[in-house]
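Remarks on the structure that follows.
Read the figures in this text as sums done on the coordinates, not as results from a lab. Every value quoted in this text rests on a predicted model; they were computed, and no experiment measured them. Quick reminder, even Gly has a Cβ in these numbers, built from the backbone with ideal geometry, and neighbours come from all protein chains shown.
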Amino acid sequence: MSLIAVSIAVHGADEIGGAIERAAAAVRGGAKLVEWRIDGLAEEDDALAAASQLVRRSPAPCIVTSRPVWEGGEYTGDEQKRMSLLEGLCAGDDRPRYVDVELAAYQRSMNMRQKVQLAVKHPAQPRDLDTSLILSSHDFQGRPADLIRRVEAMTNEPACAVVKIAWTARSLRDNLEAFDLLAERRKPMIALCMGPFGLMSRVLAPKFGGLLTFATDHPTEVTAPGQPTIEDLRGLYRFDRISPSTRVYGVIGWPVEHSKSPAIHNAGFEAVGHDGAYLPMPVPGGPTEYEHFKATVGAMIDHPRLNLRGASVTIPHKENLLRFVRERGGRIDPLVERIGAANTLVVGSAGALECLNTDSAAAVASLLHGMSIDNKQLPGKRIAVIGAGGVARAVVAGLSDLGATVVVFNRTAERAERLAADFNQRWTSIGAPAKVVVGKSDSLACGCFDVFINCTSIGMAGGPAPDESPLPDDVPLDDRVTVFDTVYAPAGRVGGRSPLIQEAAARGAKVITGVDMFIRQAAMQFEKWTGKPAPMEILRQSLNVQ
Ligand code: NAP
């Protein structure tokens, strides 16, 4: 079992009361250890009395760390004084459970080693009250070239009870090396990757037997880059449920830090009792930069211990996923071939790969449900699709295959023409050629459409035009038409109503939001990975959507 350690920086004696309160709240929230980062406090004249108070009043067993600037901390004072403080703390009646000393400081001189050894094995104390030594090594720039040598040096030091190695991940692949270090450890170990690529190492520590993971009680109070909050660790990522058998899933894209997919899928796993953990998996690049995607996703799939079993794949990697699965000889859903992009990776227990596109089926299902019709009623419907990007392709593929007449409108005319050409006249599942044409922008207001579907990013929070609607004012909207906006995160909030939806609803049109489609595409992924029916209401609630 891995523990959650809340890390709290204390800069001076005047902060002790507040720090104890924060620690107590963190312990109530699930932290089992408190790391007192006394870098600032350690520089004060009466540091020993103040630090002793912290240890005495700590609401859970504690680690005391006074990190110098040369190892990424804030302590700028004298090294002898720093070690004397730890020694003094360990000689007191209330001793910390652990002290953390940097490998580099420990190796620097015989005198320093003796001081530390004396501190943690104080002759005046009974052995069961000994403080244990965490020897640590950090690299904030990237993976240290001598990573393995550092780990060996710490492991081989007899006084070292716990090995701690932390470095800034340059890509998701660094986490895999941290997992290997943990799996091959000869002593209790903390192996963590810092920064935006390192979250996986922090969340999955229990899967690989890490002694602990550090977390913060507040997102602005992190003591190292990339620390999650205790609330996210336990609530969003289900830290307490993660074990060696846990299967790993994630959303692969760039950027993905604000993705709602971890909230949806982890809530679903909890509801059906699936032994899985779903994480954001940032992979930089673009549709034309395949190599990084291939190397990262390949390494995760091939890793013998990770047990990656599936991923949602989003911008900019949907085409990359198709290419990857094709190159690896995996199964490609025929719809994916038609669309030219996939959003779902499935990895079988023996490593067989499959890719799907759940956007398309989800969009069709949302439309049919919103219009209260079945697919036999789609032929004869005239549908205006605005946009010609990835989502537009998925929507056009699904609707044209069921016999709807689709007219594509897009800012960049050539892209619309390419999209129409790719699907028009294709033989459809209803046994007739597909009808997909390009529309001239003034024909949007012709009054001849049953449905308008926005597949542009207009109206999306953080997008090019968050306050605008993609439909011109002269388009007639009334209770005979349906307006479907695929944008699911408008106006800064998932579940909020986009300007298009607000306008259409105000004019009496039937409306379908992107949230409905988003939940359906996630539910289809969920069912494919878990083999269980998706708990739709739980998925919906996880987005805080009314
Ligand atoms: P994409 O491939 O980048 O395509 C973006 C489309 O938006 C293109 O047609 C682009 O036109 C158009 N566009 C962008 N800015 C515009 C502007 N200022 N004025 C006019 N047109 C503009 O993106 P995508 O993957 O298709 O995603 C599009 C939207 O789908 C996103 O906003 C996202 O919210 C939504 N989405 C929803 C779901 C869901 O489950 N509900 C899933 C995925 C995506 P050009 O061709 O002229 O550049």
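A few remarks follow.
- Projected label distance in nm at LYS187 and ASP130, using a 7 Å step from Cα toward the beta-carbon: 1.1
- Relative contact order of the stretch 363-512: 21 percent, from C-alpha pairs under 8 Å at least 6 residues apart in sequence.
- Straight Cα distances below 17 angstrom link LYS528 to the aspartates and glutamates GLU270, ASP275, ASP333, GLU354, ASP359, with same-chain residues fewer than 8 positions distant left out.
- For GLN377 and ALA350, the FRET efficiency from 1/(1 + (r/R0)^6), where r spans their Cβ atoms and R0 equals 45 Å, is about 0.60.
- Overall form of the stretch 3-243 per C-alpha gyration tensor (a/c, 1.5; a/b vs b/c): oblate
- Percent antiparallel among DSSP beta bridges (both partners in the chain, rounded to 5): 10
- Loop GluC sites (Glu not before Pro), the stretch 212-319, which have at most 13 other Cβ atoms in a 10 Å radius of their Cβ (DSSP): GLU257
- Share, in percent, of DSSP beta bridges within the stretch 363-512 that are antiparallel, nearest 5: 10
- Model label points for GLU337 and SER243, set 7 angstrom from Cα along the Cα-to-Cβ axis, are 4.2 nm apart.
- One decimal place: the segment HIS258-ASP473 gains 74.2 nm when fully extended, by the rule 0.36 nm per residue minus the C-alpha distance.
- Full extension of the chain between ASN111 and ARG480 gives 124.3 nm of extra length, using 0.36 nm per residue less the Cα-Cα distance.
- All other residues whose Cβ lies under 10 angstrom from that of PHE197 are scored, Lys and Arg at +1 and Asp and Glu at -1, for a net of +1.
- Globularity index of the chain, i.e. its alpha-carbon radius of gyration over 2.2 N^0.38 Å: 1.16
- Cut-off 20 Å, label 7 Å out along Cα→Cβ of ARG305, residues of the stretch 158-174 by amide N: 161-174
- Separation of the stretch 283-359 from the stretch 405-458 is 28 Å, based on Cα centroids.
- With respect to the chain, whose longest principal axis is taken over its alpha-carbon atoms, helix 110-120 is tilted by about 80°.
- Shape category assigned to the stretch 173-296 from the gyration tensor of Cα positions, a/c cut at 1.5: rounded
- Gain in span if fully extended, GLN141 to ASP422, counting 0.36 nm per residue against the direct Cα distance: 96.5 nm
- Entry note, the chain: relative contact order of 8 percent, from Cα contacts under 8 Å with a spacing of 6+ residues.
- Total charge dipole magnitude, the stretch 1-145, about the Cα centre, Cβ charges on Lys, Arg, Asp, Glu only, Debye to nearest 20: 600
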